[in-house]
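Below: the structure, in C-alpha cells.
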Amino acid sequence: MTEFAAKCKSIWPGFGIATITGMAALFLSEHYGAPAMLFALLLGMAISFLYQADGVCKCGIDFTASTLLRAGVVLLGLRIALGDLVVLGWQTAAMLAFAIFSTIVLGVVMAKSVGMQKRFGALTGGSVAICGASAALAISTILPAGKNHERDTLLTVIGVTAMSTIAMIVYPIIAGQLNMNDTEAGIFLGGTIHDVAQVVGAGYSVSEDAGDMATLTKLVRVAMLLPVVMIMMVIVKRAHSSVQDLDGEMPKLPVFLVGFVALMLLNSFVTLPEVVIDSGSQISRFFLVVSITAIGMKSNLGKLAEVGMLPIVLIVTETLWIALLILGYLFLS
C-alpha cells in the first residue's frame with residue numbers, strides 16, 4: 001500500500017463521521033430555521049467521545065478541522081469582488097474599516113484587563129467585526145497554537161453564532177422602530193450582524209432592497225478578512241519573542257490566505273459564470289459546517305465549563321460596540 005493510500009485510509013473514518021454529522025446539521029438547519037453552524041457544533045460535541053477515545057477517528061477529525069477548514073475559507077474569496085467597495089461608497093467603506101479595527105482593539109484591551117489572553121480578544125473581536133464563525137476559524141489558523149487554542153476557537157464560534165442569531169431577530173425590529181429607510185436598514189444590518197446567512201435573513205425580512213444592501217455591506221466586511229489577518233500576523237511575529245501569553249508554535253504565512261486572495265482577484269477582474277460563484281459559495285459553506293462539526297468533536301466540555309462568563313461578556317460588549325458605531329454613523333450622515 002502506497003503512503004498516500006495509507007494516509008487516506010487513516011483519514012476516512014473520522015472524515016466520514018464528520019461529513020455525515022455536518023450533513024445532519026444542514027438538514028436540521030433547513031427544517032428548523034436555526035443556524036447550521038450551531039447545529040454542527042452541538043452535534044459534534046455530542047459525539048466528542050469518538051475523538052477523546054483516541055481511536056481510528058482521531059486522524060480524520062484532525063484533518064477535517066484543519067485542512068477542510070482552510071479549503072472552505074479559500075472558497076470564500078468567490079463571494080467578494082473589489083467592485084463592491086466602489087458601489088458601497090468610500091465613506092461607508094471607511095466607516096466599516098474603522099468599526100472592524102476598533103472592535104478588534106476593544107477585544108484585545110478588554111481581554112487583557114480581565115486577565116485573559118490578548119489573542120483571545122483578537123479572536124473574538126475579529127469574528128464579531130468581520131464575518132462571525134468563518135472569521136473565527138480563519139483567524140485561529142494564524143494565531144500561535146497554545147494549550148487553549150481549540151477551546152478558545154470553540155468558545156468564540158459558539159458565542160458569535162448565538163449573538164448573530166439574536167441580532168437577526170432583534171435588529172430588524174430596531175431598524176423599524178428608528179424609521180430607517182431601506183438603504184439605512186441594509187447598512188445597519190450588514191454592518192453589525194456577524195454571520196452572512198443571518199445578514200441575508202434579516203435584510204430580506206425588511207425588504208428586497210434592504211436585503212440587497214445588507215448583503216453588499218456584509219461582503220465588504222468579509223473582504224476585510226485579508227488585511228486583518230495580515231496585520232495580525234505581523235503583530236504576532238513581532239510580539240512572539242517577548243510577550244508571554246503568545247505561547248505555542250509561531251505560524252507561517254498560510255497557503256489558504258494566498259488562495260483566498262487569488263479567488264477574490266479572479267472574481268474581481270474576470271466575469272465568472274453565476275453557477276461557478278454559487279457552487280463555490282455552497283461548497284465553502286458545506287466545508288465550513290463539516291469542519292466546525294469536527295471542531296465540536298474535538299471539544300472538551302469540562303474545559304469549556306472552566307472558563308465562566310467572561311468570554312460571553314466580551315463577545316456581547318464587542319457586539320454592542322460595533323452596533324452603536326454603525327448607528328452613530330447613520331444618524332450623523
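Descriptive notes on the structure:
- For the stretch 123-155, the set of residues classified as modelled with pLDDT of 85 or more and farther than 16 Å from T319 by Cα consists of I139 only.
- Residue that is touching a helix residue (DSSP H, G or I) at 6+ places or on another chain (Cβ under 8 Å) and outside any helix (DSSP H, G or I), where the choices are A135, A34: A34
Yes/no matrix, rows are residues, columns are (1) closer than 21 Å to D84 by Cβ; (2) touching a strand residue (DSSP E or B) at 6+ places or on another chain (Cβ under 9 Å); (3) charged (D, E, K, R):
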| position | (1), (2), (3) |
| --- | --- |
| R151 | no, no, yes |
| L155 | no, no, no |
| I173 | no, no, no |
| G191 | yes, no, no |
| H194 | yes, no, no |
| Q198 | yes, no, no |
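- All positions within the stretch 47-56 that are touching a residue at least 40 places away in the same chain (Cβ under 8 Å) and either assigned to a helix (DSSP H, G or I) or crowded, with 24+ Cβ neighbours inside 10 Å (or both): L50, Y51, Q52
- Verdict on M95 being in a helix (DSSP H, G or I), crowded, with 24+ Cβ neighbours inside 10 Å and out of contact with any Pro (no Cβ under 8 Å at 6 or more places or on another chain): no
- I166 falls short on exactly one of the conditions (1) free of Cβ contacts under 8 Å to residues at least 60 places away in the same chain; (2) surrounded by 19 or more Cβ atoms within 10 Å (Cβ to Cβ); (3) closer than 24 Å to I139 by Cβ, and that condition is (2).
- Every residue from the stretch 169-208 that is part of a helix (DSSP H, G or I) and within 14 Å of A133 (Cβ to Cβ): V196, A197, Q198, V199
- Test result for V236, crowded, with 17+ Cβ neighbours inside 10 Å and at pLDDT below 85: yes
- Residue within the stretch 109-116 that is aliphatic (A, V, I, L, M), surrounded by fewer than 23 Cβ atoms within 10 Å (Cβ to Cβ) and modelled with pLDDT of 90 or more present: yes
- Selection of the stretch 77-93 for residues being under 24 Å from the mean Cα position of the chain (by Cα), modelled with pLDDT of 75 or more and within 19 Å of E184 (Cβ to Cβ) yields L88, T92, A93.
- Among residues of the stretch 1-22 being assigned to a helix (DSSP H, G or I) and without any contact (Cβ under 8 Å) to a residue 24 or more places away in the chain, the one that is farthest from L288 (Cα to Cα) is E3.
- Positions within the stretch 57-92 being in a helix (DSSP H, G or I) and farther than 24 Å from F256 by Cβ, in sequence order: V86, V87, L88, W90, Q91, T92
- Residues of the stretch 183-205 classified as of a type outside the set (A, V, I, L, M, F, W, C) and buried (at least 24 other Cβ atoms within 10 Å of the Cβ), total: 8
- Qualifying residue in the stretch 144-164 (condition: touching a helix residue (DSSP H, G or I) at 6+ places or on another chain (Cβ under 6 Å), among the charged types (D, E, K, R) and either closer than 25 Å to R238 by Cβ or assigned to a helix (DSSP H, G or I) (or both)): yes
The values are calculated or read from the model by the stated rules, or taken from the named source; none is laboratory data. This is a predicted model, so every value here is computed, not measured. A quick note on method: Cβ atoms are made from the backbone with ideal geometry, for glycine too, and the neighbour counts reach across all protein chains shown.
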